[in-house]
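Enquirer: Let me give you the structure first, and then I'll get to my questions.
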Amino acid sequence: MNNIIVCLDGSALAEQLLPFVKEQAKATGAKLTLLQVVSGTTQVLSAASLEAGMMVSPTGADIALSLEQLENMKKEVQEYLDGVAKEIRSEGIKADAVVLEGKAGPAINEYAVEQNADMIAIVTHGRSGLGKAVYGSVADYVLKNSGIPTLVFKPKTNK
């Protein structure tokens, strides 16, 4: 194994995946590529329009604000991933941090193929029924569409 794509979303639940992928990397010498996908501009604009109660197309000012918010979000995510990667590298494991923009499932799969990933590691939040129908499941999408071996991890929750 040379490259494992590790999908994180900034949550403590997703970080429960890290001990498993670090052990895999140590055993195989693989590099961990920490990956997070940020919603694309269209999704940010749609959300901004809905939040503002707009029933019309956003103005230039709305678009500029949304683009600024998106850039700030990407910067925060990159800082987060860089911090996690630095910690992993301190354990002697190769690690990179990548932020992509777009729809999570397709972006993960496209990136994994482009990078010749040997495995994708992703957390499932375990939604079912209506929750899954409304929010979808990135893990489910990746598993069904990637064509790459995928580790789907169900984290423990504090209940």
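The values are calculated or read from the model by the stated rules, or taken from the named source; none is laboratory data. Bear in mind that the values here come from a model prediction, so they are computed numbers and not experimental data. Please note: Cβ atoms are built from the backbone with ideal geometry, for glycine as well, and neighbour counts cover all protein chains shown.
Enquirer: Hey, among Val21, Val38, which residue is crowded, with 19+ Cβ neighbours inside 10 Å and within 10 Å of the chain's Cα centre (by Cα)?
Expert: Val38
Enquirer: So which of Lys132, Lys103 is modelled with pLDDT under 85, surrounded by 12 or more Cβ atoms within 10 Å (Cβ to Cβ) and under 20 Å from Ser11 (Cα atoms)?
Expert: After applying the criteria, what remains is Lys132.
Enquirer: On to the next question. If the requirement is being acidic (Asp, Glu) and not in a helix (DSSP H, G or I), which of these qualifies: Asp82, Asp96?
Expert: Details: Asp82 fails: not in a helix (DSSP H, G or I).
That would be Asp96, the only listed residue that is acidic (Asp, Glu) and not in a helix (DSSP H, G or I).
Enquirer: Here are Ala139, Ala121: which of them is under 17 Å from the mean Cα position of the chain (by Cα) and either over 14 Å from Cys7 (Cβ atoms) or modelled with pLDDT under 90 (or both)?
Expert: When all the criteria are applied, what remains is Ala139.
Enquirer: What residue, of Ala64, Ala30, is over 14 Å from the mean Cα position of the chain (by Cα) and modelled with pLDDT of 85 or more?
Expert: Matching residue, one of Ala64, Ala30: Ala30.
Enquirer: Which residue is nearest to Asn116 (Cα to Cα), if the candidates are limited to region 1-19 and must be modelled with pLDDT of 95 or more and part of a helix (DSSP H, G or I)?
Expert: Within region 1-19, the match that is nearest to Asn116 (Cα to Cα) is Leu18.
Enquirer: Moving on. Taking region 106-124 as the search range and keeping residues that are of a type outside the set (S, T, N, Q) and assigned to a helix (DSSP H, G or I), which one is surrounded by the most Cβ atoms within 10 Å (Cβ to Cβ)? Quick ask: steps written out before the conclusion?
Expert: In the first step, residues of region 106-124 are kept if they are of a type outside the set (S, T, N, Q); the result is 106-108, 110-114, 117-123.
Adding the requirement that they be assigned to a helix (DSSP H, G or I) leaves 106-108, 110-114.
Numbers: Pro106: 14, Ala107: 20, Ile108: 28, Glu110: 13, Tyr111: 19, Ala112: 24, Val113: 12, Glu114: 8.
Ranking the candidates gives Ile108 first.
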